[in-house]
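To start, the structure itself, in C-alpha cells.
The values are calculated or read from the model by the stated rules, or taken from the named source; none is laboratory data. Note that this is a predicted model, so its numbers are computed, not measured. Glycine also receives a Cβ, built like all others from the backbone with ideal geometry; neighbour counts cover every protein chain displayed. Please note that ligands, DNA and RNA were not included when accessible areas were found on the heavy atoms of the full protein model with its side chains. Shrake-Rupley method; radii C 1.70, N 1.55, O 1.52, S 1.80 Å.
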Amino acid sequence: MVELWKKTLNWQPTNQQQNQFQQLYQLIIEANRNLNLTRITEPEEFWEKHLWDSLRGTAPKQEFIPVLHEDASVIDIGTGAGFPGVPISIIFPNTQITLLDSTRKKINFIDTILTNLSLNNAKTLVGRVEEIGQENQHRQSYDLAVIRAVGNVSACAEYSLPLVKKGGLAVIYRGSWTEEENQSLESAVKQLGGRVELIEEFTTPLTNSIRHCIYLRKVGNTPANFPRAVGIPTHKPL
Ligand code: SAM
C-alpha cells in the first residue's frame, strides 16, 4: 500500500509504522471474537475503511493539518476500536491524543493496544462526551477534535466544538452528505462558537466510495450551556 499512501496523501509510513498497523489489525481481529468491535475484518477493507479513512480526514486537500506536525493536543470522541485516534497517534508521535468512549470494555481493549504498540502519546478516557465537555480540564483544551460515526451532524458539532480551543479545529467524518444536513450544521455551528471552514468530498482509493469530511473552525467561546445534558444533543438536535 506504500504507493497508495504516496499517491493519496503524499506521505509514506516508516517500517515501524507499518508494523504497528499490522499489529493493530491482528489485535482487533483477535479481540473481535469476544468483543463486537468492528464488522470490517478483511485486510484490504481494514486498510481502506479504518487506516486510510482515519488519516485522510486529518489531511484536508491532501495536506496534513499543520498543528499535527507540532505538539498538538487531540481528542477522538467515541473512538470505539480506536478510529480515527489510534492511526493518528501512530503517525504523529509528538501529538498527545485522548481516546474517549462511553463503553468501558472498548476502552479496556484500547488500553491493551496502547501497551502492545508502545503508544506513549495516547491515553484513554471513559465517559459521556456531554459530561466531559463540561469539565474544566477538557473544555476548550484541544487543538483538534475528531469524531467518526457517533451520531447526526449537529450532535457531532455539539460534542466536539466545546472541547476545542479558540482557533482550533473539529473534524466530523461522514459518508454521504445532504443539503438538509448542510442547513442543520450551519445553524448548530453558529450557536456553538464555530464556523464551517471546509466541506470536502473525496473517494476512497480501493472501492471508490464517497466520503465527506467537515472542518469546523472554533472562532469564539462556546456558551456554557453546550454541550447539553446526556442524550439531548442526539434527541433534540440544534
Ligand atoms: N469512531 C469509531 C469508528 O468510526 O470506527 C467508532 C464508532 S461507533 C459506531 C460509536 C462509538 O461512540 C461507540 O463506541 C460508542 O460507545 C461511542 N459513543 C456514542 N455516544 C457517545 C457519547 N455520548 N460519549 C462518548 N462516547 C459515545
Calculate how steeply helix 104-116 sits against the longest principal axis of the alpha-carbon atoms of the chain, using the helix alpha-carbon long axis, and give the answer as 0 to 90 degrees to the nearest 10. 50 degrees
Calculate I(q)/I(0) for the chain by the Debye formula, one identical point scatterer on each C-alpha and no solvent, and give its log10 at q = 0.09, 0.16 Å⁻¹ to two decimals. -0.34, -1.16
Considering only protein heavy atoms, with the full assembly of protein chains and a 1.4 angstrom probe, order K123, K105 by accessible area, largest first. K123, K105
Label N120 and Q26 with points 7 Å out from Cα along Cα→Cβ: what is the distance between them in nm? 2.3 nm
With every protein chain left in place and a probe of 1.4 Å, what is the accessible surface of H212, to the nearest 10 Å²? 20 Å²
May I ask you to list the residues of region 80-117 whose amide nitrogen lies under 19 Å from a point 7 Å from Cα along the Cα→beta-carbon direction of Q137? 96-104, 107-108, 111
Would you mind computing, in nm to one decimal, how far apart the modelled labels at D71 and E42 are, each placed 7 Å from Cα along Cα→Cβ? 4.4 nm
With only helices counted (DSSP H, runs n ≥ 4, each -39500 (n - 2.57)), the per-residue ellipticity at 222 nm for the chain, to the nearest 500, works out to -9500 deg cm²/dmol
Over the Cα atoms of region 179-238, how large are the radius of gyration and the largest Cα-Cα distance (Dmax), in Å? 14.3, 43
What number comes out for accessible area per residue over the chain if the probe is 1.4 Å? Units Å², please. 45 Å²
Can you give the FRET efficiency for E3 and L198, using 1/(1 + (r/R0)^6), R0 = 22 Å, r = Cβ-Cβ distance, to the nearest 0.05? 0.25
Which links in K7/K61; K7/K106; K6/K49; K7/K49 stretch past 22 Å when you go from one Cα to the other? K7/K106
Given labels modelled 7 Å from the Cα in the Cβ direction, how far is it in nm from R104 to R128? 1.6 nm
